[in-house]
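The structure's right below; bear with me while I get my questions together.
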Amino acid sequence: MTPITTQDYSIYFNESAYTSLNEHLKAANYSKIFFLVDENTNADCIPFVLANIDAEITYDVLEIESGEENKNLDICLGLWEALSEYGADRKSLMINVGGGVITDLGGFVASTFKRGISFINIPTSLLAMVDASIGGKTGIDLGHLKNQIGVINTAEMVLIDTAFLATLPENQMRSGLAEMLKHGLISNQTYWSKFLDLSKQTTKDLDVLIYESIVIKKDIVEQDPNEENLRKTLNYGHTLGHAIESYFLSNADKESLLHGEAIAVGMILASYISTKLVGLDTTINEEIKTTITSVFGKVIFDEKDYAPIIELLIYDKKNEHGNINFVLLEAIGKPKINCKVSNELILEAFNFYAS
């Protein structure tokens, strides 16, 4: 596949990824390299990455525990201390090998250590390939509140090796599909239509869908890198989705949801709200609900869950001047930003989801 070039970095695929990495490492002459991994990518992915590096490098592997609950300031502090103890300097490089937690947190740690060292993302989950590793957003959670602390800073390069997807459990693959479905809904009918019957898609088709999904996000980010306007559309389904994810993560009575599982619910809620506020066709709304639930099934909510989820909306990053801003759909490929939604309509949307 042809590399995708952005204004600041390039995204390389499969075999060409390691060729490009070796060329970059030989040319950049880093003082030391640090691989950030979790226990899964340390076992399943790092050996393969190292086997494909023919440049002479000095490196250390830094391992953290997997899971969203570890994307926090305490873990960052431990990593900053480790970098200092292992002699990292301004010419060091961090290579983040893992899913969205690793690329989000690793990018943030690199961007803030000694006022910023270089980093490269090697995403190993579908979610990280099509979303977390692309676009320069780095960050960590504040307690159970998603991505409250971070910076926008791009990687030196992003390497996509879809062979790593074979190491993922089924629920992690589904989680990544949520962001691809979102890209279809906010961008164009043609891409969305490819998900209406996933049984017809082959493994080769998946590589193409991943490539197209990355192009969609790249094009949006390039037009609005600081999320002042168009880039906000990438948050479709995320206003309620993040609140749901945070609520389930903080509630001991609930089984935590993966990011994509929560965003899938958020997209169904947002599409229903769109029919009431911005004229989304009800037939399209039903198609969105049917398509997403066919992949994700349904999350069970109690009525007592709704109020605390709605309370969490005040922490959404898109909020301005105390207003909670939603991204809604006028039609597939026609999102509308900065929409105000009443609590009553949110409750109505939850009832539609449960029906």
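The values are calculated or read from the model by the stated rules, or taken from the named source; none is laboratory data. Computed from a prediction, not measured in an experiment: that's the story for all the values here. No Cβ is skipped: glycine too gets one built from the backbone with ideal geometry, and neighbour counts run over all protein chains shown. Note: accessible area is taken over every heavy atom of the protein model, side chains too, but ligands, DNA and RNA are not part of it. Shrake-Rupley method; radii C 1.70, N 1.55, O 1.52, S 1.80 Å.
Select the helices (runs of 4 or more DSSP H) contained entirely in segment 239-355, then report the ones holding at least 3 residues which are under 23 Å from residue 192 (Cβ atoms).
On the way: elements: 259-277, 282-296, 303-311, 343-354.
Answer list for segment 239-355: 259-277, 282-296, 343-354.
Would you confirm whether or not segment 117-127 contains a residue that is part of a strand (DSSP E or B), touching a helix residue (DSSP H, G or I) at 6+ places or on another chain (Cβ under 8 Å) and farther than 30 Å from residue 24 by Cα? It would help to see each step written out before you state the result.
At the first step, the residues of segment 117-127 found to be part of a strand (DSSP E or B) are 118-123.
Applying the additional criterion that residues be touching a helix residue (DSSP H, G or I) at 6+ places or on another chain (Cβ under 8 Å) yields 118-123.
The next check asks that each one be farther than 30 Å from residue 24 by Cα; those that pass are none.
No: zero hits.
Out of curiosity, is residue 213 open to solvent by less than 10 Å² (accessible area, probe 1.4 Å), among the polar types (S, T, N, Q) and out of contact with any strand residue (DSSP E or B) (no Cβ under 7 Å at 6 or more places or on another chain)?
Details: open to solvent by less than 10 Å² (accessible area, probe 1.4 Å): yes; among the polar types (S, T, N, Q): yes; out of contact with any strand residue (DSSP E or B) (no Cβ under 7 Å at 6 or more places or on another chain): yes.
Judged against the criteria, residue 213 is a match.
Take the residues in segment 152-205 that are in a helix (DSSP H, G or I) and basic (Lys, Arg), then tell me which one is surrounded by the most Cβ atoms within 10 Å (Cβ to Cβ).
182
Additional query: Can you tell me how many residues within segment 265-299 are under 20 Å from residue 170 (Cα atoms) and open to solvent by 60 Å² or more (accessible area, probe 1.4 Å)?
Qualifying residue count, segment 265-299: 3.
Kindly list the number of the only condition in (1) assigned to a strand (DSSP E or B); (2) surrounded by 22 or more Cβ atoms within 10 Å (Cβ to Cβ); (3) touching a helix residue (DSSP H, G or I) at 6+ places or on another chain (Cβ under 8 Å); (4) not hydroxyl-bearing (Ser, Thr, Tyr) that fails for residue 149.
Going through (1) assigned to a strand (DSSP E or B); (2) surrounded by 22 or more Cβ atoms within 10 Å (Cβ to Cβ); (3) touching a helix residue (DSSP H, G or I) at 6+ places or on another chain (Cβ under 8 Å); (4) not hydroxyl-bearing (Ser, Thr, Tyr) one by one, residue 149 breaks only (2).
If you check residue 122 against the conditions, is it open to solvent by less than 30 Å² (accessible area, probe 1.4 Å), touching a residue at least 24 places away in the same chain (Cβ under 8 Å), more than 20 Å from residue 243 (Cα to Cα) and in contact with a Leu (Cβ under 6 Å, 6 or more places away or on another chain)?
Yes; evaluated as a whole, the condition is true for this residue.
Residue 10 - would you say it is over 28 Å from residue 245 (Cβ atoms) and more than 19 Å from the chain's Cα centre (by Cα)?
No; evaluated as a whole, the condition is false for this residue.
Now for a separate question. If residue 7 passes every condition in (1) under 30 Å from residue 223 (Cβ atoms); (2) in contact with a strand residue (DSSP E or B) (Cβ under 6 Å, 6 or more places away or on another chain); (3) open to solvent by 80 Å² or more (accessible area, probe 1.4 Å) but one, which one does it miss?
Checking residue 7 against (1) under 30 Å from residue 223 (Cβ atoms); (2) in contact with a strand residue (DSSP E or B) (Cβ under 6 Å, 6 or more places away or on another chain); (3) open to solvent by 80 Å² or more (accessible area, probe 1.4 Å), the one that fails is (2).
Just to be sure before I move on: is residue 65 on the phi < 0 side of the Ramachandran plot, open to solvent by 70 Å² or more (accessible area, probe 1.4 Å), of a type outside the set (A, V, I, L, M) and at pLDDT 95 or above in the structure I sent?
When the stated conditions are applied, residue 65 passes them.
For segment 246-265, indicate whether the set of residues that are within 19 Å of residue 336 (Cβ to Cβ) and of a type outside the set (Phe, Trp, Tyr) is non-empty.
Narrowing segment 246-265 to residues within 19 Å of residue 336 (Cβ to Cβ): 263.
With the extra rule that they be of a type outside the set (Phe, Trp, Tyr), the set shrinks to 263.
Yes, that holds for at least one residue.
Go through segment 84-116 and give me each residue that's of a type in the set (Val, Ile, Thr), open to solvent by 10 Å² or more (accessible area, probe 1.4 Å) and in contact with a Leu (Cβ under 8 Å, 6 or more places away or on another chain).
Selection gives nothing.
Could I ask something else about it? Which condition number does residue 304 fail, the rest of (1) of a type outside the set (Gly, Ala, Ser); (2) farther than 25 Å from residue 176 by Cα; (3) in contact (Cβ under 8 Å) with a residue 24 or more places away in the chain being met?
Result: residue 304 fails condition (3) only.
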